[in-house]
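To start, the structure under review is shown below, and the notes come after it.
The values are calculated or read from the model by the stated rules, or taken from the named source; none is laboratory data. Worth saying up front: this structure is predicted, and the values here are computed from it rather than measured. Ideal geometry is used to build each Cβ from the backbone, glycine not excepted, and the neighbour counts take in all protein chains shown.
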Ligand code: CUA
């Protein structure tokens, strides 16, 4: 019998379970338990699955905080659109806005120092993807995500959007500098 032909016995569900099937059910259950345990293990020992704090916010409230941060710590501007490059002191709360279609502002951080990075989208769902470090966080409207980051290598990092957000999704690229 294959799955394409009808079962030869109409009342097939009253037959005892085949040994092979039982083995497969057992494997699936064990594998499910292993994968469930891996979630906290990856978090604790694998240094993956970042812990983030999440708070309710509104676009207006978040923009105000980001604007205040930008006004206080901007050191220069960059590009045709005069994007501010913001160099906050170590340990500071730092802000980045996701919006159609950019990450604003550009950050300049110090290697080996910790910062509390705040992320929020003021319109749609975007995906924060820091490359080449490959750190990924969903950025949702209405929620302010906060995570502690400690850049461990100098260089120029790109923040790409990895959640499809419309016609210019592929151009939604931000920047973070890490300096000595
Ligand atoms: Cu923002 Cu894709």
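Structural remarks
- Some residue of region 73-95 being closer than 21 Å to residue 137 by Cβ, modelled with pLDDT of 95 or more, within 16 Å of the ligand (Cβ to nearest atom) and part of a strand (DSSP E or B): no
- Test: residue in region 64-72 that is touching a residue at least 60 places away in the same chain (Cβ under 8 Å), crowded, with 19+ Cβ neighbours inside 10 Å and within 20 Å of residue 177 (Cα to Cα): no
- Looking across 26, 128, one residue alone is exposed (fewer than 13 other Cβ atoms within 10 Å of the Cβ) and either within 19 Å of the chain's Cα centre (by Cα) or without any contact (Cβ under 8 Å) to a residue 24 or more places away in the chain (or both). It is 26.
- No other residue among 160, 149 is within 13 Å of residue 102 (Cα to Cα) and either surrounded by 16 or more Cβ atoms within 10 Å (Cβ to Cβ) or away from the ligand (no atom under 15 Å from the Cβ) (or both) apart from 160.
- When residue 43 is tested against the conditions (1) in the same structural domain as residue 156 (by TED's automatic domain parsing); (2) modelled with pLDDT under 95; (3) within 24 Å of residue 162 (Cβ to Cβ), the lone failure is (1).
- For region 109-125, residues that are touching a helix residue (DSSP H, G or I) at 6+ places or on another chain (Cβ under 9 Å), surrounded by fewer than 23 Cβ atoms within 10 Å (Cβ to Cβ) and part of a strand (DSSP E or B) total 1.
- Scan of region 148-180 for residues that are farther than 19 Å from residue 119 by Cβ, touching a strand residue (DSSP E or B) at 6+ places or on another chain (Cβ under 6 Å) and assigned to a loop (DSSP other than H, G, I, E, B), ordered by number: 154
- Hey, residue 105 surrounded by 19 or more Cβ atoms within 10 Å (Cβ to Cβ), farther than 23 Å from residue 58 by Cα and in contact with a helix residue (DSSP H, G or I) (Cβ under 6 Å, 6 or more places away or on another chain) or not: no
- The criterion of being at pLDDT 90 or above, farther than 30 Å from residue 102 by Cα, more than 29 Å from the chain's Cα centre (by Cα) and not assigned by TED's automatic domain parsing to the domain that holds residue 173 does not hold for residue 33.
- Single residue of 174, 166, 127 found to be under 19 Å from residue 51 (Cα atoms) and within 11 Å of the ligand (Cβ to nearest atom): 127
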